[in-house]
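These notes concern the structure reproduced below.
The values are calculated or read from the model by the stated rules, or taken from the named source; none is laboratory data. It should be emphasised that the depicted structure is a prediction, and the values quoted were computed from it without experimental measurement. Every residue, glycine as well, gets a Cβ built from its backbone with ideal geometry; the counts of neighbours run over all protein chains shown.
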Amino acid sequence: MVPYRIVDRPAFTVAGRSTWIGGPDNELFGRFWAQCQSDGTFDRFQALTAMSPGPQTQGHVLGISRVEADPTHREFTFLIGVEVPVDADTGELERVTVPACRWAVFEARGPVPEALVAAEIVAFMEWLPTSGYVHARAPEMEVYPPSPDGQPYCEFWLPVAPPGESPTGQESG
């Protein structure tokens, strides 16, 4: 089993660049990461944050899958970004507010994207159906914190809520 933990986080702001992911082609993600690395986006992140870990995720950089409207629909906007203060001057970067939510955080050890995809499969196919949770109406995130042992490491953050509750824990409907 992939190690996981449950965390609650308040809303936070992310600044970055986005693209449309039009289906299950995982190579689209890799091409967008490469584009952001070559077009100066990561230089802008460095200027904004010095690539310090964000206070809510502890990630240097985040990949955010904007699936909150319908988590079953696998076409969505994908944003690569960094956590920023609400009042940060982010220039031309897009700003997104990630809502307060409970997250199931799955560790992905090993080369990306293979380790990340393996963690997502465990999260969706094994853990979620037996967990007592449902997918919350919040984005999914890939979080890239400092590696605990110097080896390739990232985390898959799955937004979760008990059935009948919204991401903030309020009764829905």
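List of remarks:
- Candidate set from the stretch 86-128 (those that are touching a residue at least 60 places away in the same chain (Cβ under 8 Å), in a helix (DSSP H, G or I) and not aliphatic (A, V, I, L, M)); member that is surrounded by the most Cβ atoms within 10 Å (Cβ to Cβ): Trp127
- Filter result for Gly164 (at positive phi, out of contact with any Asp or Glu (no Cβ under 8 Å at 6 or more places or on another chain) and surrounded by fewer than 16 Cβ atoms within 10 Å (Cβ to Cβ)): no
- The set of residues in the stretch 103-152 that are closer than 19 Å to Met51 by Cβ and aromatic (Phe, Trp, Tyr) contains only Tyr144.
- Looking across Gly91, Gly132, Gly54, Gly59, one residue alone is in contact with a Cys (Cβ under 9 Å, 6 or more places away or on another chain) and either of a type in the set (Ser, Thr, Tyr) or over 19 Å from Leu28 (Cβ atoms) (or both). It is Gly59.
- Scanning the stretch 135-160 for residues that are in contact with a strand residue (DSSP E or B) (Cβ under 6 Å, 6 or more places away or on another chain) and either of a type in the set (A, V, I, L, M) or modelled with pLDDT under 95 (or both) yields Ala136, Ala138, Met141, Val143, Ser147, Leu158, Val160.
- Every residue from the stretch 129-152 that is without any contact (Cβ under 8 Å) to a residue 24 or more places away in the chain and among the β-branched types (Val, Ile, Thr): Thr130
- In the set (1) surrounded by fewer than 17 Cβ atoms within 10 Å (Cβ to Cβ); (2) among the polar types (S, T, N, Q); (3) touching a Phe, Trp or Tyr at 6+ places or on another chain (Cβ under 9 Å), Gln56 fails one condition alone, (1).
- The set of residues in the stretch 122-133 that are touching a strand residue (DSSP E or B) at 6+ places or on another chain (Cβ under 6 Å) and among the aliphatic types (A, V, I, L, M) contains only Ala123.
- The one condition in (1) buried (at least 17 other Cβ atoms within 10 Å of the Cβ); (2) free of Cβ contacts under 8 Å to residues at least 60 places away in the same chain; (3) part of a strand (DSSP E or B) that Trp20 fails to fulfil: (1)
For (1) modelled with pLDDT of 95 or more; (2) within 20 Å of Cys154 (Cβ to Cβ); (3) charged (D, E, K, R); (4) in a strand (DSSP E or B), each residue gets a yes or a no:
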site: Asp8; (1), (2), (3), (4): yes, no, yes, yes
site: Val14; (1), (2), (3), (4): yes, yes, no, yes
site: Gly30; (1), (2), (3), (4): no, yes, no, no
site: Met51; (1), (2), (3), (4): no, yes, no, no
site: Thr57; (1), (2), (3), (4): yes, yes, no, no
site: Thr72; (1), (2), (3), (4): no, no, no, no
site: Glu83; (1), (2), (3), (4): yes, yes, yes, yes
